[in-house]
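Working notes, beginning with the structure itself.
Bear in mind that the values in this text are calculations on the coordinates, not laboratory data. If you're wondering where the values come from, they're calculated on a predicted model, not measured in any experiment.
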Amino acid sequence: MKRVVVPIDGSETSKGVIDYAIYYANREEDAEMLFLHVMTILEHEPVFYGEADVVLPPSEDAVRAEFLKFIEERVRASGRGIPRMSVSVRKGRVYEQIVRFAEEQDADMIMIGHRGLSPVQRFFLGSVAAKVVAQAPCSVYVHRPKEKRD
């Protein structure tokens, strides 16, 4: 069985990665799709307003449920299914958690989206996809949405 880690973040690029994962899962009958969302520090730390008001972050179960719904919407829209899949949620640095999860799952491949950061953003933030490619324990498929031309 081929184990494929599919990191998603809810973006338009994630929709394209999910669509490709659906296609791949139906083409490769022995594929297990392991969807992963990594909660960044901004998503899982409490936010403080004033002295007493605290906005608690969503629980991992709530986040998992939202991403399962997100995936199921794409599956329904495709008219196909994904025979074997799971949805996991981790906290931490995105690229580190993706690589660690792939190692723990003994993944054969990682399917990741590339959001096309500007050169300045890439310089300061780095590309998650590039970091995953550099450190992955397996092959990496990078999904790049086609740019719309006028």
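So if each residue of separation counts as 0.36 nm, and I subtract the Cα-Cα distance between K91 and A130, what length gain in nm does that give?
Values: separation 39, 0.36 × 39 = 14.04 nm, distance 1.97 nm.
Contour length minus the Cα-Cα distance gives 12.1 nm.
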The lysines whose Cα lies under 20 Å from the Cα of K131, excluding any fewer than 8 residues away in the same chain, are K91
Non-local residues with an amide H under 5 Å from the amide H of L36, with H modelled 1.01 Å from N and Pro and chain starts lacking one, are V6, I8, S88
Extension length gain for E12 and D61 (0.36 nm per residue less Cα distance), in nm, is 15.4 nm
